[in-house]
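Here's the structure, in structure tokens; my notes come after.
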Amino acid sequence: MADNMKGLKRTHYCGEVEGIGSEVTVGGYVQKARDLGNLIFIDLRDRTGIVQLAFDDSTDRDIFEKASSCRSEFVLMAKGTVRERESKNADIKTGNIEIFVTDLRILAKAQTPPFEIVDNSNTNEELRLKYRYLDLRRRPLQQNIIMRSKIAKTARDYFYENGFIEIETPMMIKSTPEGARDYLVPSRVHPGSFYALPQSPQIYKQLLMIAGYDRYIQLARCFRDEDLRADRQPEFTQIDLEMSFVDTEDIMQMAEGFVRRLFKDVLDKDIPTPLPRMTYTEAMERYGSDKPDTRFGMEITDLTDTVKNCGFGVFTSAIENGGTVRCITAKNAAGTFTRKEIDKLTEYVKGIGVKGLAYIRWVDDAPGCSFGKFLGEGELEAILEKAGAEKGDVVFIIADKKNTALTSLGALRLKTAKQLDIIPEGMFNFLWITEFPFFEWNEETQHWDAMHHPFTMPMDECLQYLDTAPEKVFAKAYDLVLNGTELSSGSIRITDYELQQKMFESLGLTDEEIQAKFGFLVDAYKYGAAPHGGMGIGLDRLAMIMCGADSLRDVTAFPKVQNASELMSDCPAKVDDESLDILGIKVVKTEE
Ligand code: ASP
């Protein structure tokens, strides 16, 4: 039987013990126990750090015996006197002292854990996720989770101080228009009908503005059934906000104030504001991405004019067919990108939809060029000059449709920069992306889709093109990007219900579809709405970057893995037939 805590009350967290000569009581987990015969040392750990418990010849024999039975991860409570340590440890805060124990309780014994609870665990992640409650005992994860909590607190503090009201919106709703697939919840009461889990509280926060709440904030759980990546989880948290009587500038300033406050409070870093801005079009032209990582250069160069009359048919025919020829120049990269490596990169870009990758690899005096034999006199030199290439560099060239060439070079830029290890650490490069196209052509459905969501307000000067030239319509939408990660997206909303109706029509929605999907929202706008807009800031991504983590899993207490399952509880899981019967559901296809 385990001991109990009777008569003891914790006075200090382990990492905060101080005051030589004072009597303290601590509780924690055994990190390490060293039995040296007549001396025993136990490192006791809690979420604040470690303190050393000491037992020696003068320790009561029962307590000494008990101490010698302690193993890793046993849960103890110990009372004793703080004294100076003989061999000091400068690496930990309590490294100068130890507790000479006068009362010891073993509150719980522990089986040997499947992996050691140490900072740098090299145990594979799958096993750690299966025993997540043990993994979460590790200090780096605890620090991340604690930092995440500080971020949430600062968000609440800042927005509350600025007059925002926190309002919870429902989890079981009709469906949201964020463009991902919904997670569905079957209704027992209405067999065959389903709720959707919110992809975001978008519609509800707009309704709250219509209802006059003026400034809303929520740390909102959002659910999107998408393919997962390191920076995507099926459920995540947004610092979701909406404001009335505002235009773009007001919202951006409010967000900048938050960023400044957050980085000061949590990381003691000064972020200069206003944050830099770039239009969507410029970001695509220069970086091939609407979330460019501006911590390094390697910008895209337009070679179209330089090569339009050259001898290489791949280039000229791409241009004749309305395409473009663009390149990036990787500086001092010829050593890293051998022919073999370039072959791999070629496969990579083919995987994302381009036909091929041309290159110039300048190792020796004469640059090696994958298409050199087709070029006429002076043509290679002209390309090198335009690309800003010098000896030691590699130029990667893609000839394709404009969008394809830009986005694939954008992806290649990131991939090669990682391989070259040229992305500086410890930098926080914020960037607003503005003036997003309103519409996005969907090749599959041959339809214009809304790039943001259909409630986004077009820029005033673009309203005239709504019917005639959708590609010329830009939106009052803004994304906040940090180190190449999309941190937040937002927009001013359409508050004029006639215009909203028109936008739905431009998106090809019929009256019936509009009514079925958003009828209540369209109706609500008929009762008067102040101009409003807002944004959703990804709390998880923010935490990931602020903690210097590589994956959202490192800042999420109980994350899901790539295939959207949770390894600890083994969900999603099958349910019994009876539960399905009640819901009127029959599973017709299962993946065994
Ligand atoms: N609902 C949007 C999103 O989740 C954010 C916004 O427009 O406020 O991206």
Legend entry - Residues within the stretch 429-465 that are in contact with an Asp or Glu (Cβ under 9 Å, 6 or more places away or on another chain), β-branched (V, I, T) and assigned to a loop (DSSP other than H, G, I, E, B), tallied: 0
Inset, instruction - State whether the residues of the stretch 331-340 include one that is buried (at least 19 other Cβ atoms within 10 Å of the Cβ) and among the aromatic types (F, W, Y). - result: yes
Legend entry - Residue selected from the stretch 151-185 under the condition of a type in the set (V, I, T) and touching a residue at least 24 places away in the same chain (Cβ under 8 Å), by the criterion farthest from G257 (Cα to Cα): I173
Inset, instruction - Output the number of residues of the stretch 353-367 satisfying the condition of being farther than 18 Å from K340 by Cα and touching a strand residue (DSSP E or B) at 6+ places or on another chain (Cβ under 6 Å). - result: 1
Inset, instruction - Confirm whether A180 is within 16 Å of the ligand (Cβ to nearest atom), in contact with a Lys or Arg (Cβ under 7 Å, 6 or more places away or on another chain) and aliphatic (A, V, I, L, M). - result: yes
Inset, instruction - State all residues of the stretch 40-79 that are crowded, with 19+ Cβ neighbours inside 10 Å and over 22 Å from A110 (Cβ atoms); if no residue qualifies, say none. - result: T59
Inset, instruction - Spot the failing condition for T306; the list is (1) within 32 Å of the chain's Cα centre (by Cα); (2) closer than 17 Å to V395 by Cα; (3) modelled with pLDDT of 95 or more, and only one is missed. - result: (1)
Legend entry - One residue from W441, W448 being within 20 Å of I514 (Cβ to Cβ) and away from the ligand (no atom under 16 Å from the Cβ): W448
Legend entry - Selected residue (criterion: farthest from the chain's Cα centre (by Cα)) from residues of the stretch 351-372 that are closer than 14 Å to A387 by Cα and at pLDDT 90 or above: C369
Inset, instruction - Would you point out the residue of the stretch 529-570, among those that are small (G, A, S) and within 22 Å of E178 (Cβ to Cβ), that is surrounded by the fewest Cβ atoms within 10 Å (Cβ to Cβ)? - result: A564
Legend entry - Any helices (runs of 4 or more DSSP H) falling wholly within the stretch 195-293 and containing at least 1 residues that are touching an Asp or Glu at 6+ places or on another chain (Cβ under 8 Å) and surrounded by fewer than 20 Cβ atoms within 10 Å (Cβ to Cβ): 248-267, 280-287
Legend entry - Neighbours by Cβ (under 7 Å, 6+ apart or cross-chain): first from the stretch 523-534, more than 15 Å from the ligand (Cβ to nearest atom); second not in a helix (DSSP H, G or I) and not small (G, A, S): Y525/T495; A529/T495; A530/F245
Inset, instruction - Check whether at least one residue in the stretch 462-472 is within 16 Å of the ligand (Cβ to nearest atom) and either within 32 Å of the chain's Cα centre (by Cα) or crowded, with 19+ Cβ neighbours inside 10 Å (or both), and report yes or no. - result: no
Legend entry - Unmet requirement for P198, which otherwise passes all of (1) near the ligand (Cβ under 10 Å from one of its atoms); (2) at pLDDT 95 or above; (3) out of contact with any Ser or Thr (no Cβ under 6 Å at 6 or more places or on another chain): (3)
Inset, instruction - Taking F436 as the residue in question, decide whether it is in contact with a His (Cβ under 9 Å, 6 or more places away or on another chain), within 30 Å of A524 (Cβ to Cβ), of a type outside the set (S, T, N, Q) and within 16 Å of the ligand (Cβ to nearest atom). - result: yes
Inset, instruction - Could you tell me whether A211 is within 27 Å of E566 (Cβ to Cβ) and more than 16 Å from the chain's Cα centre (by Cα)? - result: no
Legend entry - Exclusive hit being among the basic types (K, R), under 20 Å from G27 (Cβ atoms) and modelled with pLDDT of 95 or more, set R71, R61: R71
Inset, instruction - Give the residues of the stretch 168-179 that are surrounded by 16 or more Cβ atoms within 10 Å (Cβ to Cβ) and of a type outside the set (S, T, Y), sorted by residue number. - result: I173, K174, P177, E178
Legend entry - Segments classed as helices (runs of 4 or more DSSP H), wholly inside the stretch 477-592, with at least 3 members that are more than 30 Å from N144 (Cβ to Cβ): 497-506, 511-525, 577-583
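The values are calculated or read from the model by the stated rules, or taken from the named source; none is laboratory data. The structure displayed is predicted, hence computed values, not measured ones. Every residue, glycine as well, gets a Cβ built from its backbone with ideal geometry; the counts of neighbours run over all protein chains shown.
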